[in-house]
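A short write-up of the structure that comes next.
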Amino acid sequence: QVQLVESGEGLVQPGGSLRLSCVASGLGIRSFGMGWFRQAPGKEREFIAGIHWSAATTYADSVKGRFTISRDNVKNTVYLQMNSLKPEDTAVYYCAARGSYTSVNSAAYAYWGQGTQVTVSS
């Protein structure tokens with residue numbers, strides 16, 4: 001049974017940093033495309049970062065240069081380092097997995113975590 005468990009939720013001031021973690025069980029992340037998505041109230045879920053099985057990464061323009069996705073194959077964990085946070089980054093953040101390559105399309109993912117709340121506010 002595949003499980004993705006996110007952690008790292010928090011309240012941070014604008015300009016601050018936060019790191020999210022996604023621990024996977026039931027699959028090996030080195031063989032999967034892993035993605036981070038977020039969903040703000042009243043908005044659609046949006047892709048923000050992904051890492052292919054090859055470790056190549058891709059980012060949404062809205063977070064490029066501020067967020068970094070990485071993984072630790074030994075810990076079977078994917079991370080999202082978020083710097084220079086803005087109020088518009090406030091959302092529930094989700095980790096997701098699909099075969100081999102990441103995708104910007106949320107419907108392409110077979111497995112999802114439960115989400116973790118990030119709030120950016122002064």
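The values are calculated or read from the model by the stated rules, or taken from the named source; none is laboratory data. Quantities reported herein were computed from a predicted structural model and do not represent experimental measurements. As a convention, Cβ positions derive from the backbone with ideal geometry for all residues, glycine included, and neighbour counts pool all protein chains shown. Please note that ligands, DNA and RNA were not included when accessible areas were found on the heavy atoms of the full protein model with its side chains. Shrake-Rupley method; radii C 1.70, N 1.55, O 1.52, S 1.80 Å.
Descriptive notes on the structure:
- With every protein chain in place, the chain: carbon and sulfur % of accessible area (1.4 Å): 47
- For the chain, the relative contact order comes to 37 percent (Cα pairs under 8 Å, sequence separation of at least 6).
- Think of the stretch 1-66 as a dipole: +1 on every Lys or Arg Cβ, -1 on every Asp or Glu Cβ, centred on the Cα centre; then among GLN39, ALA49, LEU27, ALA49 lies furthest on the positive end.
- Residues of the stretch 63-85 with amide N under 15 Å of a point placed 7 Å along Cα→Cβ from LYS43: 63-64, 67, 85
- Solvent-accessible surface of the stretch 1-54, averaged per residue with a 1.4 angstrom probe and all protein chains in place: 52 square angstrom.
- The H on the amide N of GLY115, modeled in the peptide plane, is under 5 Å from the matching H of GLU6, CYS95, each at least 5 residues off or on a different chain.
- Under 26 Å of direct C-alpha separation, and excluding same-chain neighbours fewer than eight residues apart, LYS75 reaches these lysines: LYS64.
- Dipole magnitude of the chain about its Cα centre (Cβ charges: Lys, Arg +1; Asp, Glu -1), debye to nearest 20: 220
- Using the Cβ-Cβ distance between TYR101 and SER7 with R0 set to 35 Å, the FRET efficiency from 1/(1 + (r/R0)^6) comes to roughly 0.90.
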